[in-house]
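The values are calculated or read from the model by the stated rules, or taken from the named source; none is laboratory data. Predicted model only: the values in this text are computed from it and were never measured. We place every Cβ from the backbone using ideal geometry, glycine too, and count neighbours over all the protein chains shown. What goes into the accessible areas is simple: the full protein's heavy atoms, side chains included, and nothing from ligands, DNA or RNA. Shrake-Rupley method; radii C 1.70, N 1.55, O 1.52, S 1.80 Å.
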Amino acid sequence: MAACLQNHQGPIVVLAHENPDGDALGSVLGLSRALRAIGKSVIAPMEVPHYLRFVVEPGEIVAPLSEWPADTLVAVLDVDNNDPVRVAGADLTTFSGPVANVDHHGTNLRRADAGVVDPSRPAATMIVADVIDALGVPWTEAIATPLMLGLNTDTGNFAFESVTPETFECAARLRAHGARIGWLTEQLRQKPRSYFLLLQEVLGTLEFLWDGQVVLARVDDVMLARAGASWEDVESYVGLLRNAEGSRLAVMIKDFGDRVKVSLRSSGGVSAQNIAVALGGGGHVPAAGATLSESYSEARRKIDQAVAAELSRASASTPA
Ligand code: AMP
Ligand code: MN
Ligand code: MN
């Protein structure tokens, strides 16, 4: 991966997944800053959500590309390059040049010209840190901080079961290079008023299913309008639902009218990934998602079916 980036003389376009999270943005910023430090020409197109803008320096992220510069190498981060619908920032289906991929999703098909896919890493930024080491770029606070952002957000502040001794070693290394963890945490905790007003709406849709093992909520644009909120405000609600005592699965459904996006978080032997894959999506075992191109009621039937199948699989394989 490092050799591929190092040897490429033309522009390097760095992309991540749609609806970018801290790991997607952190990976893009960390790699872009490192590549620019060794004189590479980098283009990083992304629509950065409001709550993550604090970490972006003026000019380093650009609007989505409408055409490919000549002699481009594409680096796709925190998403499978074989899933062009999920890759944002430029239309990968119209690109015929070399593609490098850094990802940690188990569902990755592992077809790229160069790449590292490692599902044992709880954040893609951990792999990006290794690539930066291999490139021999001198570490700076400006490179370490966005990589720490990815670690922070994808591990739920170093709280998930996915955290390994190596995760703390990486965090220690980034911290030693000056990563501003206190500043990151403080900035990420700030929520706009619309977040709370929308939460009030969403809690009105809360369902406890399967004897409380499943907690489900729904949000649509009418609720958004009433709260003066945006879809972005919804992102962290699923993390709240998973805190319900006795629950093994949290389901947050964004109802866009003609399609729905479902976010899944699981624990206690239940696989969010299995449910997401059954619905045509993907992700990790404890956190996964899918988009269904149908109305809520239609999608809801499929979701309920996939949830039922996974719960019976989980209870069959884990004796109570
Ligand atoms: P989300 O619920 O959108 O926060 O997604 C949870 C995890 O599942 C993230 O790691 C996403 O990258 C992944 N994911 C979400 N939706 C999809 C999808 N349609 N296909 C593959 N992976 C997904
Ligand atoms: Mn991500
Ligand atoms: Mn990630």
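With 0.36 nm allotted per residue and the present C-alpha distance subtracted, the residue 258-residue 37 stretch has 75.1 nm of extension available. Among residues other than residue 51 with Cβ under 12 Å from its Cβ, the summed charge is -1 (Lys and Arg +1, Asp and Glu -1).
Counting only trypsin sites (Lys or Arg not before Pro) that are in a DSSP loop and have at most 13 other C-beta atoms within 10 Å, tell me the longest site-free stretch of the chain. Don't skip to the end; give the middle numbers.
Numbers: sites that count: 110, 111.
The answer is 112-320.
Of the beta bridges DSSP finds with both residues in the chain, what % are antiparallel, to the nearest 5? Walk me through the numbers on the way to the answer.
On the way: 20 of 42 bridges.
So the antiparallel bridges amount to about 50 percent of the total.
Comparing 227, 44, 159 in a Gaussian network model of the chain (Cα springs below 10 Å), the most mobile by mean-square fluctuation is 159.
Considering only DSSP beta bridges where both residues belong to segment 2-189, give the percentage that are antiparallel (nearest 5). List each step's numbers first, then the result.
Working: 2 of 17 bridges.
Restricted to segment 2-189, the bridges split so that about 10 percent are antiparallel.
Sparse packing (at most 15 other Cβ atoms within 10 Å of the Cβ) combined with a DSSP loop state is found for the following GluC sites (Glu not before Pro) in segment 256-312: 294.
For the chain, the C-alpha radius of gyration divided by 2.2 N^0.38 Å, with N the number of residues, is 1.00.
Would you kindly state how much longer the chain becomes between residue 245 and residue 208 on full extension, computed as 0.36 nm times their sequence separation minus their alpha carbon distance, in nm to one decimal? Don't jump to the answer; show the numbers that get you there.
On the way: separation 37, 0.36 × 37 = 13.32 nm, distance 1.09 nm.
Computed gain between residue 245 and residue 208 is 12.2 nm.
With both labels modelled 7 Å from their Cα along Cα-to-Cβ, the residue 6 to residue 118 distance reads 1.7 nm. Apply the Karplus parameterisation 6.51 cos²θ - 1.76 cosθ + 1.60, with θ equal to phi minus 60°, to every residue of segment 248-264 and state each ³J(HN,Hα) to the nearest whole Hz, in sequence, with x for glycine and proline. Residue by residue, segment 248-264 yields 10, 8, 10, 10, 10, 10, 8, 9, 8, x, 8, 8, 10, 10, 10, 10, 10 Hz.
Summarising the amide proton neighbourhood of residue 218: residues at separation of 5 or more, or on other chains, whose placed amide H is nearer than 5 Å comprise 205, 253.
Compared with the alpha-carbon gap, the fully stretched path from residue 308 to residue 70 is longer by 80.7 nm at 0.36 nm per residue. In segment 124-181, what percent of the accessible surface is made up of carbon and sulfur (1.4 Å probe, ligands and nucleic acids excluded)? Accessible surface attributable to carbon and sulfur in segment 124-181 totals 57 percent. Given the options 203, 174, 92, which has the most mean-square fluctuation in a GNM of the chain, springs set between C-alpha atoms less than 10 angstrom apart? Of the options given, 203 has the highest mean-square fluctuation. Under a Gaussian network description of the chain, with springs only between Cα atoms under 10 Å, the residue in 22, 289, 228 that fluctuates furthest is 228.
GluC sites (Glu not before Pro), restricted to segment 43-124: which are DSSP loop and have at most 12 other Cβ atoms within 10 Å?
Working: sites: 47, 60, 67; in loops: 47, 60, 67.
Passing sites in segment 43-124 are 47, 67.
How many nm separate the modelled label positions at residue 176 and residue 19, each set 7 Å beyond the Cα in the direction of the Cβ? Between residue 176 and residue 19, the label points sit 3.8 nm apart. What distance in nm separates the simple spin-label points at residue 109 and residue 168, each placed 7 Å from Cα in the Cβ direction? Using points 7 Å along Cα→Cβ, the separation is 3.9 nm. For residue 274, neighbours were defined as the other residues whose beta-carbon sits under 9 Å from its Cβ, and their charges (Lys and Arg +1, Asp and Glu -1) total 0. At a Cα cut-off below 27 Å, give the lysines reachable from residue 302, other chains included and same-chain residues fewer than 8 away excluded. Here the lysines satisfying the reach criterion relative to residue 302 are 254, 261.
Would you calculate a helix-derived [θ] at 222 nm for the chain, using -39,500 (n - 2.57) for each DSSP H run of n ≥ 4 and dividing by the full residue count, to the nearest 500? Intermediate results must be reported in sequence, preceding the final value.
Values: 11 runs with 121 residues, N = 320.
Roughly -11500 deg cm²/dmol at 222 nm, from the helical runs in the chain.
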